[in-house]
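Below is one structure; the comments refer to it alone.
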Amino acid sequence: MMTTILLVDDDPLQAYVRRSLLERRFDHVERATDAAEALILLEEPLFKRNLGLVIAGLHLPGMGGQAFVAELISRFPFVPVLVLGRSGEKALDFPGQNVRFLSRPISAENMLSAARQLLDQYRGDALEAAVA
């Protein structure tokens, strides 16, 4: 099964750089330009079934990062979320068992390492659930 990483980033330049970095290490990376587009994608059964990780870097108006992450957790409680924080945000703004927060500045290596850890944790949890 191919695991999909969904990158939700409304900054075109940051999204390009982040997606390029992610695609060097992971096979399938999709990008949504905002929270609304991401939530539409997540309604597609095949997309939802293959989803392994959501990386959220939302900085522009619209549904902000906190509201988006809260909605994700309510709909998909077992999918890990990596939040790429912006100025003024802190980890406590993003509660959730499968949520990890990285504050700025975020190095490429930190983002990739956190993504790998969350994917591995999710796979482990999914395997345990399947065996139980």
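The values are calculated or read from the model by the stated rules, or taken from the named source; none is laboratory data. Small disclaimer: the values here were computed from a predicted structure and weren't measured. With ideal geometry, Cβ positions are generated from the backbone for all residues, glycine too; neighbour counts draw on all protein chains shown. The area values use the complete protein model at the heavy-atom level, side chains included, leaving out ligands, DNA and RNA. Shrake-Rupley method; radii C 1.70, N 1.55, O 1.52, S 1.80 Å.
Computed quantities for the displayed model
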| item | result |
| --- | --- |
| Condition check for Gly64: over 13 Å from the mean Cα position of the chain (by Cα), open to solvent by less than 80 Å² (accessible area, probe 1.4 Å) and not charged (D, E, K, R) | yes |
| Some residue of region 64-82 being within 20 Å of Arg123 (Cα to Cα), among the small types (Gly, Ala, Ser) and in contact with a strand residue (DSSP E or B) (Cβ under 6 Å, 6 or more places away or on another chain) | no |
| Complete set of residues in region 29-61 that are open to solvent by 50 Å² or more (accessible area, probe 1.4 Å), modelled with pLDDT of 90 or more and within 19 Å of Gln14 (Cα to Cα) | Glu30, Arg31, Thr33, Asp34, Ala36, Glu37 |
| Answer from Asn110, Asn98 - the residue that is surrounded by fewer than 18 Cβ atoms within 10 Å (Cβ to Cβ) and in contact with a strand residue (DSSP E or B) (Cβ under 7 Å, 6 or more places away or on another chain) | Asn110 |
| Odd one out for Leu6, checked against (1) part of a strand (DSSP E or B); (2) more than 12 Å from the chain's Cα centre (by Cα) | (2) |
| Residue check for Val131: β-branched (Val, Ile, Thr) and modelled with pLDDT of 85 or more | no |
